[in-house]
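In what follows, a single structure is set out as structure tokens and then discussed.
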Amino acid sequence: MARQLTLDLTMPPASSRDDFLVTRANRDALAMLDAPQGWPQGRLLLVGGAGAGKSHLAGFWADERGAQIVQAWSLTPQGADALVPADGALVIEDGHEIGGNAQAEQGLFHLWNLAGARQCLLLITARSVPRDWGIGLADLRSRLDTAVQALLVPPDDALLPAVLVKLFADRQIQVAPEVIDWLALRMDRDLDLARRLVAAMDRESLADRRAISRRLAAELLDKLAAPDP
């Protein structure tokens, strides 16, 4: 049977506060995010692996405060002044990407100082802690080391199946509970793997006109979880 050409018609993922799945894996980070009065000097680093929920958290936090969201790699010293509102808030996404980018490092350094002077809350998301970013600017590195960190830990037994259900729902797909249970018991607790697996199952199901079943889940899980040759 010929494979059917598929188009990516996925709806944007539901990303409001009400759509965020709260469990022990992320409860502490959410509590810290919601208590900016406890952030030393008004700055917080939100750290977690790919797909852990950093952008979801940062997105609704920014919406609630009217904050702009800026990608860390795009920062420059010249543009810093326009990004920092007095008594406002700002989100910098993917801080781990600035290491070795002199312009971005200088830009974040200026933002850091301006945020303090203007009483602007500064939230920075990253996949790893700053010591692993490869930052060359010593003054920036020392400042980042003083920031409190909110950690998103790997998903627990409650979060992984709930995330799988949500990822399918974002694609307007209803999946039998036994498929979710089977996956949750066998896959690594890796939310990025969950995202890639659901996308792959959706594509294969449409292309080959196959039901989303445990057999399809097993085939794609083996393929995606296999180490690179």
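Note on ARG24 and GLN78: the extension gain reaches 15.3 nm, defined as 0.36 nm multiplied by sequence separation minus the Cα-Cα distance. An oblate overall shape is assigned to region 51-90, the ratio a/c of its alpha-carbon gyration tensor axes (a ≥ b ≥ c) being 1.5 or greater and a/b not exceeding b/c. Here region 99-152 yields Rg over Rh of 0.94, to two decimals, using C-alpha coordinates and the Kirkwood radius.
If R0 is taken as 22 Å, the Cβ-Cβ distance between ALA218 and ASP157 corresponds to a FRET efficiency of 0.60. Accessible area of HIS56 (1.4 Å probe, protein heavy atoms only, ligands and nucleic acids ignored): about 30 Å². In terms of the Cα gyration tensor, with a ≥ b ≥ c the square roots of its eigenvalues, is region 26-138 rounded because a/c is under 1.5, prolate because a/b exceeds b/c, or oblate? Oblate is the answer for region 26-138, as a/c is 1.5 or above yet b/c matches or exceeds a/b.
Is region 153-192 best put as rounded, prolate or oblate by its Cα gyration tensor, with a ≥ b ≥ c the root eigenvalues, rounded for a/c under 1.5, and otherwise prolate when a/b is larger than b/c, oblate when not? It comes out oblate by the Cα gyration axes.
Just the protein heavy atoms count here, and of the accessible area of region 26-179 at 1.4 Å, carbon and sulfur take up 50 percent. For the chain, dividing the convex hull volume of the Cα atoms by the residue count gives 146 Å³ per residue. Rolling a 1.4 Å probe over the protein heavy atoms leaves LYS166 with an accessible area of roughly 50 Å².
In the chain, Cα pairs under 8 Å separated by at least six residues give a relative contact order of 25 percent.
Computed over protein heavy atoms with a 1.4 Å probe, the accessible surface of the chain works out to 53 Å² per residue.
The values are calculated or read from the model by the stated rules, or taken from the named source; none is laboratory data. Note that this is a predicted model, so its numbers are computed, not measured. We place every Cβ from the backbone using ideal geometry, glycine too, and count neighbours over all the protein chains shown. Side chains are part of the model used for accessible areas, which takes the heavy atoms of the whole protein and leaves out ligands, DNA and RNA. Shrake-Rupley method; radii C 1.70, N 1.55, O 1.52, S 1.80 Å.
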